[in-house]
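As structure tokens, the structure follows; a few thoughts come after it.
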Amino acid sequence: MKALCWHGKNDVRYDTVPDPEIEHPRDAIVNVSSCAICGSDLHLYDHFIPGMESGDVLGHEFMGEVMEVGSETKNLKVGDRVVVPFTIFCGECEQCRRGNYSVCERSNRNKSLADKVFGHGGAGLFGYSHLTGGYAGGQAEYVRVPFADTTHIKVPDTLTDEQVLFLGDIFPTGWQAAVQCDIQPTDTVVIWGAGPVGQFCIRSAVLLGARQVVVIDNVPERLSMAEAGGAITINFDHESVLGRLQDLTNGKGPEKCIDAVGLEAHVTRTPDSVYDRVKQAMMMESDRAHVLREMIYVCRPAGVLSIPGVYGGLVDKIPMGALMNKGLTVRTGQTHVNRWTDDLLRRIDEGQIDPSFVITHSVGLDQGPEMYKTFREKQDGCVKVILKP
Ligand SMILES: [Zn+2]
Ligand SMILES: [Zn+2]
């Protein structure tokens with residue numbers, strides 16, 4: 001089959017690789033109809049995440065038709081149309097039973113490596129390095145889905161791929177970030193970053209009834225898309241973020257802050273080397289850690305900081321005094337995708353939101369390598385790419 005494979009920094013190729021096969025009775029093979037490039041794939045593209053091997057199949061946002069099932073995958077049948085969540089989960093361990101799917105204790109088959117980095121590692125992920133299980137991703141014609149009897153979202157034929165594809169990652173990611181803010185009708189919610197996840201944070205905060213939603217970015221296409229979604233925009237190239245937020249909140253600061261930027265951080269086997277690499281990265285990407293500090297500074301006392309942006313290791317110089325004395329709450333985490341998807345699928349079906357608004361580019365899978373570059377460089381008005389195998 002054909003797939004997009006990682007071969008090193010800024011080197012993604014449209015390769016021919018072996019077809020996946022059922023390896024376990026709970027597996028299914030999905031014939032991919034649509035897949036997407038996620039913002040977090042760019043951390044791999046830029047080679048900020050170690051544990052990648054040349055030839056690894058990329059991609060963790062994908063959907064398609066079930067074409068083969070293992071003997072224990074009884075609630076899926078050949079022909080079912082499914083979106084696949086990026087977090088692989090068993091549905092049976094203690095964390096899964098509590099709905100904490102992104103920290104499933106059993107789906108990361110390289111968990112001992114992740115445990116060394118984080119104390120206790122999280123779930124297996126598709127196409128996201130050998131630290132998260134080394135599973136082949138979904139930017140491919142076919143994918144093996146482990147624990148497929150739980151790791152899926154069934155979708156009706158009445159909705160298009162474009163409407164439901166993002167249920168696998170960026171929509172529930174934006175939604176969880178907003179839900180974790182515990183939004184009240186009097187709240188100002190500020191979102192740093194108007195990329196695809198930021199866009200879904202905006203729509204989610206609006207749906208959850210925030211008084212005003214503000215977004216900070218400097219890419220014109222992203223800012224106009226954010227405005228269309230109901231956000232007040234701040235272009236940090238042209239105006240003072242602090243001044244504008246003071247004006248919008250009568251000098252009191254926003255109650256809720258969302259970091260949809262993250263840090264292009266590194267994960268390796270010891271915390272010390274992570275620390276060094278992050279410091280290195282911060283010299284190159286000096287804006288990135290700035291977001292976290294700025295949120296702590298501007299947030300109203302007793303407010304909430306919600307962090308869906310990806311962080312990998314240790315972060316330097318966090319103003320702990322401000323964080324503690326202001327009584328801020330910090331909520332984080334990879335997305336517990338399936339905790340939210342029944343509700344979100346219903347909202348799409350009822351027309352409350354059509355997630356296809358975020359798509360700016362739709363091309364064949366063979367054009368994937370150049371699309372990684374276009375997305376990385378934010379060229380051609382690119383906000384979100386979907387690929388058709
Ligand atoms: Zn993602
Ligand atoms: Zn589990």
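One line per residue, one yes/no per condition, for (1) crowded, with 22+ Cβ neighbours inside 10 Å; (2) among the hydroxyl-bearing types (Ser, Thr, Tyr):
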| site | (1), (2) |
| --- | --- |
| 14 | no, yes |
| 18 | no, no |
| 50 | no, no |
| 88 | yes, no |
| 106 | no, no |
| 112 | no, yes |
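Is it true that residue 41 is more than 21 Å from residue 308 (Cβ to Cβ), surrounded by 21 or more Cβ atoms within 10 Å (Cβ to Cβ) and either within 15 Å of ligand 1 (Cβ to nearest atom) or of a type in the set (Asp, Glu) (or both)? Show your work before the answer.
Details: more than 21 Å from residue 308 (Cβ to Cβ): no; surrounded by 21 or more Cβ atoms within 10 Å (Cβ to Cβ): yes; either within 15 Å of ligand 1 (Cβ to nearest atom) or of a type in the set (Asp, Glu) (or both): yes.
Considered against the rule, which asks whether it is more than 21 Å from residue 308 (Cβ to Cβ), surrounded by 21 or more Cβ atoms within 10 Å (Cβ to Cβ) and either within 15 Å of ligand 1 (Cβ to nearest atom) or of a type in the set (Asp, Glu) (or both), residue 41 comes out as no.
Yes or no, residue by residue, for (1) at pLDDT 95 or above; (2) touching a His at 6+ places or on another chain (Cβ under 7 Å):
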{"position": "312", "(1), (2)": "no, yes"}
{"position": "317", "(1), (2)": "no, no"}
{"position": "328", "(1), (2)": "yes, no"}
{"position": "336", "(1), (2)": "yes, no"}
{"position": "341", "(1), (2)": "yes, no"}
{"position": "350", "(1), (2)": "yes, no"}
{"position": "353", "(1), (2)": "yes, no"}
{"position": "357", "(1), (2)": "yes, no"}
Quiz item: within 16 Å of ligand 2 (Cβ to nearest atom), in contact (Cβ under 8 Å) with a residue 24 or more places away in the chain and either crowded, with 22+ Cβ neighbours inside 10 Å or not aliphatic (A, V, I, L, M) (or both), is that true of residue 27?
Solution: yes
Quiz prompt | Given (1) open to solvent by less than 20 Å² (accessible area, probe 1.4 Å); (2) part of a helix (DSSP H, G or I), index of the condition residue 347 fails | solution = (1)
Exercise. Kindly establish whether residue 160 is open to solvent by 30 Å² or more (accessible area, probe 1.4 Å) and either under 19 Å from the mean Cα position of the chain (by Cα) or more than 16 Å from ligand 2 (Cβ to nearest atom) (or both).
Key: yes
Practice problem: Given the conditions (1) within 16 Å of ligand 1 (Cβ to nearest atom); (2) surrounded by 24 or more Cβ atoms within 10 Å (Cβ to Cβ); (3) assigned to a strand (DSSP E or B), report the number of the one that residue 34 does not fulfil. | Solution: (2)
Quiz item: Inside the stretch 333-389, can you point out the residues that are under 16 Å from the mean Cα position of the chain (by Cα) and of a type in the set (Lys, Arg)?
Solution: 339, 376, 384
Quiz item: If we keep just the residues of the stretch 114-131 that are surrounded by fewer than 18 Cβ atoms within 10 Å (Cβ to Cβ) and within 16 Å of ligand 2 (Cβ to nearest atom), which is nearest to residue 334 (Cα to Cα)?
Solution: 120
Quiz item: residue 142: open to solvent by 10 Å² or more (accessible area, probe 1.4 Å) and within 16 Å of ligand 2 (Cβ to nearest atom), yes or no?
Solution: no
Quiz prompt | Conditions (1) within 22 Å of the chain's Cα centre (by Cα); (2) away from ligand 1 (no atom under 14 Å from the Cβ); (3) of a type outside the set (Asp, Glu); (4) not in a loop (DSSP other than H, G, I, E, B): number failed by residue 52 | solution = (4)
Exercise. Please work out if residue 102 is hydroxyl-bearing (Ser, Thr, Tyr), within 15 Å of residue 151 (Cα to Cα) and either part of a helix (DSSP H, G or I) or open to solvent by 10 Å² or more (accessible area, probe 1.4 Å) (or both).
Key: yes
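The values are calculated or read from the model by the stated rules, or taken from the named source; none is laboratory data. Please read all numbers here as calculations on a predicted model, not as lab measurements. Cβ: placed from backbone, ideal geometry, glycine included. Neighbour counts: every protein chain shown. For the accessible areas, the whole protein counts, side chains as well, though only heavy atoms, and no ligand, DNA or RNA atoms are used. Shrake-Rupley method; radii C 1.70, N 1.55, O 1.52, S 1.80 Å.
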